[in-house]
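A quick write-up on the structure given underneath.
Nothing in this text is a laboratory measurement; each read-out follows from the coordinates by a stated rule. Computed from a predicted model, the values in this text were never measured in an experiment. Neighbour counts run over all protein chains shown; Cβ positions are idealised from the backbone, glycine included.
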Amino acid sequence: MKKNKRNSKEKNGIVVFDKGIKDGEGYTLSFCCHGPYMPSSGGW
Amino acid sequence: MQLSHYLKVYPFKDQPGSILLFSTKYASKILIPEETFQAIEKGTISDSDASLLKELGMIVPDAEDEKQSMLHYMDDINKNNSLLKLTVVLNLDCNFACPYCFEEGMKGKLYLSDSTEKLLIEFIKKRLANNKERLLIDFYGGEPMLSFDRVKSISEALVSYSEQQGVSFCSGMVTNGSLFTRKKAEELVKLGLQNIKITIDGPAEIHNKSRPFKSGAKSFDIIIDNIKKTCDIVKISIGANYRQDNYRKFVMLLDYLLKEGLGPDKIYSVKFDPIMDFPFDSGRRIGLKNECGSCNEPWVINADSCLREEILKRGWFTPKPAPTACMIESQDSYVVNFDGKIYKCPTLNGKKNFAVGDLETGIKDYTDSYNLGLWKDSECLECRYLPLCFGGCRYMTFLKDGNVKNKDCKKEFFDAALETMLLQDIKYR
C-alpha cells in the first residue's frame, strides 16, 4: 500500500498540492473521447 | 484581482481553518488559510500571495473577462498545437466476442488495404507540412494485432519520413492483449510503439465471461502472460469495464496483479469504467443494449470513487481531474477508418453522417455535423466545470438521442465526485 504522503510545497501558509498547467506550456488540454478521468468510457 | 470563475472551493476537514481550492481551468490545487481567502474577496491580499495565486490561475484581473475569454480558449489551443494525432482503424475484425462491444454490427473481415495505406501516408505527409512537430498514431480496430504486418509497414514508412523531416514520431495501440507476444512487441517497439492499452474485465472468473475468444475459450491467462513478458519494453495501461453487479469484485483484479508482480513499477496506469444497459429505442437502433455507461448514474459515481481509491491506494497512476475536451474540438486529430473514410471520434467511426472526409479528397467542414462549439453559451460559460467538460461526450448524446444536438452535461457527476477525487489525489499522490 502506498503511504499517505503530502507531495506539496508551502508558502505563507498556502500549501500547493499541484501547480497544474500554465498558459503557453505546450499542450495544455487533454483531448479524449470521454475525458480520461471520468468514468464514462466503458466498452472500448 | 478577483477569484477565478473556474474555481471550486471546498472545506478541508483534515486542517480546520483551511480551504481547498481547485482550478478547473489549470488543474492547480492548493490549501489556503481562511483569512487569506477572505483577503482575496476583500481585495486586501498581499503582493506575494497574489503573485503565487495568479501563477496558479486561482485569481484573475477580471472574472467576467475570463468567462468571455473562454470563447476563444479552444481556438488558442488549436493554433499552438504542434501535434498531429491519428487513430487508425486497421480492421473491424476481432478474435474476441465481448458482448458489450460498441462496434458490434459493423464487424467483419474488413481490413485496411495496400492502396489505403499509401493514401494514409500521403495524407499524413501533407498534414505534417502544416508546421507540425510531433506525430502520434494510435493503432485501433477491431483488434489491431490482427493487422500486425500492416502496423509494421505503416510504422516503417512513418519512422523513415519523420526522421527525414525532423518530426518526433511515436505510436500507441488499443489491443485486447491476446496476440501481443514478446516477439511481436519487440518488433513494434523498434518501430516507435511506446504505449498500449489492454482491457481486463476484472478477476479471471468475470473476465473470461466478459472477454472470451470467439471460440468461447478463456483469454485471461494468455493476456496476463503477455503483459508480464512485455511490460519492460512498452508502457502498458490497463483498463477494465465493470457492471453494477460486479464492480466490487474488481478489487480482486488489483490484488491479483500485485501478486503476479504487475505493480506500479510494471503497469503505467489503471483505470476502470462502467458498462450498463443503455436506454434503448428499438425504433432507432443506435447501439447494443450493453453500451458504455453514463457517468451521471448514481451507482457509477459511487463505484468509480471506490475503485479509484483502491487503485491509488495500491500506488498505480490513474488520471487526475484536468482540463479536457472531446477530441472533436481538436484540429489535426482524426480517426481514419479501414476504408479511408475519416471521422472525428472512434466511437462514431463508421456511423452515417459522421464522416468528415476521406484520405483521397481531404477534410470537409464538420462544424454542423459534430455540433462544434455547442458549449459556447451562457449556461456553459457560467458553469465552473466548463474546462473539465466542454459540453461532454458526443457519443453519449448520440446514444441517448440518436444525434449530437444536445450537450452531455457532467455537472451532476462533478458535484458528486470531484471533491472526493481531489481528496484522493492529495492523500495518495
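So which of B:426, B:342 ends up being among the β-branched types (Val, Ile, Thr), out of contact with any Pro (no Cβ under 9 Å at 6 or more places or on another chain) and within 14 Å of another protein chain (Cβ to nearest Cβ)? Steps first, answer last, please.
On the way: B:342 fails: within 14 Å of another protein chain (Cβ to nearest Cβ).
When all the criteria are applied, what remains is B:426.
Restricting attention to the range B:68-87, does a residue exist that is out of contact with any helix residue (DSSP H, G or I) (no Cβ under 6 Å at 6 or more places or on another chain), surrounded by fewer than 15 Cβ atoms within 10 Å (Cβ to Cβ) and more than 14 Å from chain A (Cβ to nearest Cβ)?
Yes - at least one qualifying residue is present in the range B:68-87.
Could you pull out the residue among B:214, B:228 that is in contact with a Lys or Arg (Cβ under 9 Å, 6 or more places away or on another chain) and surrounded by fewer than 22 Cβ atoms within 10 Å (Cβ to Cβ)? Spell out the reasoning first.
Values: B:214 fails: in contact with a Lys or Arg (Cβ under 9 Å, 6 or more places away or on another chain).
When all the criteria are applied, what remains is B:228.
Looking at the range B:11-39, which of its residues are touching a helix residue (DSSP H, G or I) at 6+ places or on another chain (Cβ under 7 Å) and within 20 Å of residue B:60 (Cβ to Cβ)?
B:19, B:20, B:22, B:24, B:25, B:29, B:36
Please enumerate the residues belonging to the range B:19-40 that are assigned to a strand (DSSP E or B) and more than 8 Å from chain A (Cβ to nearest Cβ).
Narrowing the range B:19-40 to residues assigned to a strand (DSSP E or B): B:19-23, B:29-33.
Matches in the range B:19-40: B:19, B:20, B:21, B:22.
Within the range B:131-178, track down each residue that is touching a residue at least 40 places away in the same chain (Cβ under 8 Å), part of a loop (DSSP other than H, G, I, E, B) and surrounded by fewer than 17 Cβ atoms within 10 Å (Cβ to Cβ).
B:131, B:133
Would you call residue B:311 without any contact (Cβ under 8 Å) to a residue 60 or more places away in the chain, of a type outside the set (Asp, Glu), within 12 Å of chain A (Cβ to nearest Cβ) and in a helix (DSSP H, G or I)? Spell out how you get there, then give the answer.
Details: without any contact (Cβ under 8 Å) to a residue 60 or more places away in the chain: yes; of a type outside the set (Asp, Glu): yes; within 12 Å of chain A (Cβ to nearest Cβ): yes; in a helix (DSSP H, G or I): yes.
Here the answer is yes, as residue B:311 does meet what is asked.
So, in the range B:2-39, how many residues would count as being in contact with a Pro (Cβ under 7 Å, 6 or more places away or on another chain), surrounded by fewer than 17 Cβ atoms within 10 Å (Cβ to Cβ) and under 27 Å from residue B:77 (Cβ atoms)?
Number satisfying all stated conditions: 0.
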